[in-house]
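Single-structure report; data block below.
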Amino acid sequence: MNKPLTRLSPPAEPREFGFFLDGRAVPAGERSLIERRSPAHDVPVTRIPHCTQDDLDAAVAAARRAFDDRRWSGLSGAARAGVLLKAGALIRERAEEIAYFETLENGKPIAQARGEVAGCADMFEYASGLARSLHGDSFNNLGDGMFGIVTREPVGVVGLITPWNFPFLILCERVPYILASGCTIVAKPSEVTSASTLLLAGILTEAGLPDGCMNVVTGPGSSIGQGMIEHMDIDMLSFTGSTGVGRRCVEAAARSNFKKLGLELGGKNPQIVFADADLEDAADGVAFGIAFNTGQCCVSGSRLIVERSVADRFAAMVQAKLERVRIGDPLDESTQVGAITTEAQNATILGYLRKGQEEGARLLCGGTVADLGAGRFIGPAIFTDVTRDMSIVRDEIFGPVLTILPFDTLDEAVEIANDTIYGLAASVWSQDIDKALTVTRRVRAGRFWVNTTLAGGPELPLGGFKQSGWGREAGMYGVEEYTQVKSVHVEIGKRRHWGA
Ligand code: NDP
C-alpha cells in the first residue's frame, strides 16, 4: 500500500468520507455533504458530512465516557506507548494515501506532503516514549511525619481545532502528545482539508486505540467549531488558526466552563541577516522560508531585516532564488510551490499585493498569477522601499510575500524584529556567535532559528509569545500541557490532633 501511486492525477470520482464516532466511521446518511475541489486542478476530490450539533454532542459524550471509565488513562504508559508506536508504523504504511489526499485538498507539492507524513510518523514514535516517561515529583523534605507527592493527571476531553495549511502535520504535532498524556479527543479539521484527519482516526483504531478516544466531527468552523469552543463538556481546547478565532476561543471559554486553552495563532516572523552571514546560505534560507507552503505558514519568515551594507546585494540574491522556484501541479514530484489553498486566501494575498503598491512599496519580483491551468497559483513576491507602518509589513498575509527593511545596528535590528503584535518565530543569520546569541536572547518569539529556518521535529516545543498564542505543543512540554497537577500530602504515622 505504501508504493508510490502509479498515476499521479486527481481521482476520477471524489472520495466520500464519514465522520468518526466512538471507534467507527459514520456515513453522511441524511446529512448534507461538503465537497472539496482541488485548488490546483479545480475538480472535486473529497466529500465529507456536514455534522450537526447532535453529532458534536455525541462525539463529546463518547470521548467523555472513554475518559471517565479510564479505558485509556487507566492503562500503563507502556500500553499507551504500544498503541502510539503501532500508529506510527501504520502511518508509514499508508503514507502515500495520506500524502495524496493532503496534496489534493491543500494544493501543497506531493514531495512536501510525503516529507510531512514521514515526520508525523516520527511524532507518534517519539511521543510513545513520552507516554512512559511522564511523571510527577516528590517531596521528601517535609519532616518525618509527612511525605509530599505531585502527580500529573490528564486534563480530560480535549477539543482539537486544526487549520488547512498543514492539516496532517499540525494534527500530529498534537494528537500523539495528547494521547500520551491519557486524554481523549474530539477533533475538528478545517472543512476544506478533513481527509487526512479522518484517515488518522481509522489508523488509530486499527492500532488498538480504544473506541471513543479519538472522534472527528466535520463541518464549518462557524457552526461545528463554534459549538466546540462553547461546549460545556470539553475540558481543554487546542486551537490553531487565526488570531480572530483565537480571541473567540478565549471569550467562549470565559462564557462557558473556563476550559483550559492552548492557542497557536498568527505570526509575522523576522529573518535578521547580518552582513557577516554566509549570504548564499542565508538567501537560500530566506527564499525557502517565504515560498515554502506558498507562504501559508504561521512561521514563514515574511519580514526580512537585513544589514544596510549588503541589503541591495542580498535582495538580488533572494530574488534570483525565488525566480527559479518551480511552481506548478502539486501532483508533479518536481514541483516546489503548489496552489493557494482557498479562494478567500487567494483574494487576501492579491489584495495585499495591490495594497502594498498603493502604499508606495516597490514590487521587486513575483506577485503575478501564474497561468498554470485551472488552479490558483501566485509567484513569490518581494517588496522593497517599505516602511514599518505599511500593512504589508504589519499584517500576517499568509502568502508568499516578503518585505525588506534595512538596519544599521544590532539594537535597531532587534527593535524592528520586536515591532509586531506577534511573537511566533524568528531567524538570525550571522557567523558571529556573539551577535547570533544576543539576538536570540532579545527577540521575543517562541521558536528561534540560528543560521537556518523552519527546522522542526518532535523533540522541541512549539508555540508563541505575545499575540501568537498560549501554551506549547510537542516535546515533553506538549504532553505536560495536557495534564494538570495534583499535590498529595501523606501523613506518616499517627497524626498530631488539632485539639491535643
Ligand atoms: P480560521 O481561524 O478561521 O480557521 C482555523 C480553524 O478554525 C479551522 O478549522 C476553521 O474551520 C476553524 N474555525 C473557523 N471559525 C471558527 C469559530 N467561530 N469557532 C471555532 N472554530 C472556527 O482561519 P482562516 O481559515 O479563516 O484563515 C484566516 C487567516 O488565519 C489566515 O489568513 C492566516 O492569517 C490565519 N491562519 C493561521 C494559521 C496558523 O497556522 N497559525 C492557520 C490558518 C489560518 P473551517 O476552516 O472549517 O471554517
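The values are calculated or read from the model by the stated rules, or taken from the named source; none is laboratory data. If you're wondering where the values come from, they're calculated on a predicted model, not measured in any experiment. Ideal geometry is used to build each Cβ from the backbone, glycine not excepted, and the neighbour counts take in all protein chains shown. To get the accessible areas, we keep the full protein, side chains included, count just its heavy atoms, and leave off ligands, DNA and RNA. Shrake-Rupley method; radii C 1.70, N 1.55, O 1.52, S 1.80 Å.
The conditions of being out of contact with any His (no Cβ under 9 Å at 6 or more places or on another chain) and either within 12 Å of the ligand (Cβ to nearest atom) or at positive phi (or both) are met by PHE239.
Restricting attention to the range 244-262, report how many residues are more than 14 Å from MET228 (Cβ to Cβ) and within 9 Å of the ligand (Cβ to nearest atom). Total meeting the criteria: 1. If you go through the range 122-176 and pick out every residue that is over 16 Å from LEU75 (Cα atoms) and either within 16 Å of the ligand (Cβ to nearest atom) or touching a helix residue (DSSP H, G or I) at 6+ places or on another chain (Cβ under 6 Å) (or both), you end up with 22. Per the conditions (1) out of contact with any helix residue (DSSP H, G or I) (no Cβ under 7 Å at 6 or more places or on another chain); (2) in a loop (DSSP other than H, G, I, E, B), the sole criterion not satisfied by ARG376 is (1). Taking the listed residues ILE229, ILE203, the one that is in contact (Cβ under 8 Å) with a residue 12 or more places away in the chain, touching a Lys or Arg at 6+ places or on another chain (Cβ under 7 Å), more than 13 Å from the ligand (Cβ to nearest atom) and of a type in the set (Val, Ile, Thr) is ILE203, with no other qualifying.
Whenever a residue of the range 366-385 is free of Cβ contacts under 8 Å to residues at least 12 places away in the same chain, its partners that are surrounded by fewer than 23 Cβ atoms within 10 Å (Cβ to Cβ), lying with C-beta atoms within less than 7 angstrom and at least six residues away or across chains, give the pairs THR368/GLY379. You will find that of LEU169, LEU142, the residue that is open to solvent by 10 Å² or more (accessible area, probe 1.4 Å), under 15 Å from ALA474 (Cβ atoms) and touching a Gly at 6+ places or on another chain (Cβ under 7 Å) is LEU169 and no other. Of the helices (runs of 4 or more DSSP H) contained entirely in the range 254-361, those carrying at least 2 residues that are over 25 Å from PHE407 (Cα atoms) fall at 343-358. Here the condition is being at pLDDT below 95 and open to solvent by 10 Å² or more (accessible area, probe 1.4 Å); of SER242, SER334, SER256, it holds for SER334 alone. Set side by side, the residues GLU97, GLU153, GLU125 differ, and just one is touching a Lys or Arg at 6+ places or on another chain (Cβ under 9 Å) and either open to solvent by 20 Å² or more (accessible area, probe 1.4 Å) or modelled with pLDDT of 95 or more (or both), which is GLU153.
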